[in-house]
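Structure first, then comments.
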Ligand code: URP
Ligand code: ZN
Ligand code: ZN
């Protein structure tokens, strides 16, 4: 038996905080409380006094080793999960992206092979449905039985990823039959495409046109339409990467009626603004991620939505493409710049600093948004997201008096930039445990390679 005791820290859960020790036995939390009376021979004692002990981050929106926009995301499951671990995230739910002509079960096999033996933290998958070929839905029961209990659809990117409303309706009602939920990328893709074509025709070929072609209303319309379709399909839905005040209002209204509607936003929508698209030359391509960054009124509404419970989760939407790739594909046509940016490594640090330390959310709310709620929402709530007996010993030791400086040079993400370059933040994630293994210390990976396990998820 392997025993460890994290001694003298303040344990923070979504429900409250208290001075408490944490006893870990063989990678599971066995007890939380005043444990100084325990006499366990060979127990490893770790002094965490003055530190906060939190459940490891759960990031339910990442794209590792994922084919998109004529290229592949720059982090594979090794580099991406190492970066996650170094930043305090101990569980991922990653998108298995169906390629053209590929069957759903084949997609899952391919994505599982990419992750197995490479991931260093535990992971699950969402099934991205980009082509609802004949009888595709017959594979849904097997997919759900394998523990992949969420399906992802795109309402944008016609001709590649987008489903029409009929297929969206079918995915929703078939998902419902297997107890799944549908994750939705909500944008009116056809209107975005028209606006983008107009900008190109006017010679506005640079990255700022990404912002101009995706006004807030393109998201809000799609959110409202998806909610209506979900009502007809009697489906549970979860909106990914919401960025606008109008979307928060739509989700809040649905939830006030007890409809099975939930939503996330992402670190960058809370913290970065559209002035970044005025960067010189091609620099603004760093922020070509979808939806684009929004004005302050939207950022304020997102924080309010999180506090009020209209939005439930903050994820990273880690979808990294190096600038070289972005330039090669989209230097003369912003529509071809691969959409996405990095974030898995810095979500926990940035949301702590910008949320808790700026007084926007409490420490407990931070834990809820970054760990407890995403674990519950995606069928992992019995194992992940709490510092409590019976849970996996996925833990963060955070020094509130420390500091975190973010730079591309020192990050672990396989990326040539970070949107948070030079940010010097209060708080330092000192140690990260995954199932009781110390995997990261002071932002450096110290665990074994390939130790992550696939997590079959419950239906919700
Ligand atoms: O810009 C983004 N978010 N790219 C990744 C694909 C998606 O829409 O989630
Ligand atoms: Zn998306
Ligand atoms: Zn995404």
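When you scan region 254-267, how many residues do you find that are touching a strand residue (DSSP E or B) at 6+ places or on another chain (Cβ under 9 Å) and closer than 19 Å to residue 307 by Cβ?
The total comes to 9.
Residue 130 passes all but one of (1) within 21 Å of the chain's Cα centre (by Cα); (2) farther than 30 Å from residue 88 by Cβ; (3) buried (at least 23 other Cβ atoms within 10 Å of the Cβ); which number fails?
It fails just one condition, (3).
Considering (1) away from ligand 3 (no atom under 16 Å from the Cβ); (2) without any contact (Cβ under 8 Å) to a residue 24 or more places away in the chain, say which one residue 45 fails and leave the rest.
(2)
Looking only at region 320-350, count how many residues are surrounded by fewer than 24 Cβ atoms within 10 Å (Cβ to Cβ) and assigned to a helix (DSSP H, G or I).
Residues that pass the stated criteria total 8.
Could you name every one of the helices (runs of 4 or more DSSP H) located completely within region 228-310 that has at least 2 residues being within 17 Å of the chain's Cα centre (by Cα) and more than 15 Å from ligand 2 (Cβ to nearest atom)?
Ranges flagged: 267-271, 296-308.
Going through region 58-70 one residue at a time, which ones are within 16 Å of ligand 2 (Cβ to nearest atom) and on the phi < 0 side of the Ramachandran plot?
Listed by number, the residues that qualify are 59, 60, 61, 62, 63, 64, 66, 67, 68.
Tell me whether region 244-252 contains one or more residues that are away from ligand 1 (no atom under 16 Å from the Cβ), closer than 18 Å to residue 172 by Cβ, in the same structural domain as residue 180 (by TED's automatic domain parsing) and in contact with a helix residue (DSSP H, G or I) (Cβ under 8 Å, 6 or more places away or on another chain).
yes
If I ask for residues that are surrounded by fewer than 24 Cβ atoms within 10 Å (Cβ to Cβ), touching a helix residue (DSSP H, G or I) at 6+ places or on another chain (Cβ under 7 Å) and either without any contact (Cβ under 8 Å) to a residue 40 or more places away in the chain or in a strand (DSSP E or B) (or both), which ones from region 53-79 would you list?
71
Residues of region 393-408 being part of a strand (DSSP E or B) and surrounded by 15 or more Cβ atoms within 10 Å (Cβ to Cβ), which ones?
395, 396, 397, 398, 399, 400, 404
Go through 422, 390, 427 for me and flag whichever is at pLDDT 95 or above, within 27 Å of residue 4 (Cα to Cα), in contact with a strand residue (DSSP E or B) (Cβ under 8 Å, 6 or more places away or on another chain) and part of a loop (DSSP other than H, G, I, E, B).
It is 390.
Would you say residue 229 is under 20 Å from residue 139 (Cα atoms) and touching a helix residue (DSSP H, G or I) at 6+ places or on another chain (Cβ under 6 Å)? Don't jump to the end; show me each part of the working.
On the way: under 20 Å from residue 139 (Cα atoms): no; touching a helix residue (DSSP H, G or I) at 6+ places or on another chain (Cβ under 6 Å): yes.
No; evaluated as a whole, the condition is false for this residue.
Condition check ((1) assigned by TED's automatic domain parsing to the domain that holds residue 271; (2) within 16 Å of ligand 2 (Cβ to nearest atom); (3) touching a strand residue (DSSP E or B) at 6+ places or on another chain (Cβ under 8 Å)) across all residues:
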position	(1), (2), (3)
348	yes, no, yes
365	yes, no, no
396	no, no, yes
399	no, no, yes
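For the list (1) in contact (Cβ under 8 Å) with a residue 40 or more places away in the chain; (2) touching a helix residue (DSSP H, G or I) at 6+ places or on another chain (Cβ under 7 Å); (3) away from ligand 2 (no atom under 14 Å from the Cβ); (4) assigned to a strand (DSSP E or B), I need the number of the one condition that residue 184 fails.
Of everything listed in (1) in contact (Cβ under 8 Å) with a residue 40 or more places away in the chain; (2) touching a helix residue (DSSP H, G or I) at 6+ places or on another chain (Cβ under 7 Å); (3) away from ligand 2 (no atom under 14 Å from the Cβ); (4) assigned to a strand (DSSP E or B), residue 184 misses just condition (3).
Got at least one residue in region 315-330 being at pLDDT 95 or above, away from ligand 3 (no atom under 16 Å from the Cβ) and within 18 Å of residue 356 (Cβ to Cβ)?
Checking region 315-330: not a single residue is at pLDDT 95 or above, away from ligand 3 (no atom under 16 Å from the Cβ) and within 18 Å of residue 356 (Cβ to Cβ).
Within region 24-43, identify whether any single residue is buried (at least 21 other Cβ atoms within 10 Å of the Cβ) and touching a helix residue (DSSP H, G or I) at 6+ places or on another chain (Cβ under 6 Å), and answer yes or no.
no
The values are calculated or read from the model by the stated rules, or taken from the named source; none is laboratory data. The model shown is predicted, which means the values in this text are computed figures rather than measured ones. A quick note on method: Cβ atoms are made from the backbone with ideal geometry, for glycine too, and the neighbour counts reach across all protein chains shown.
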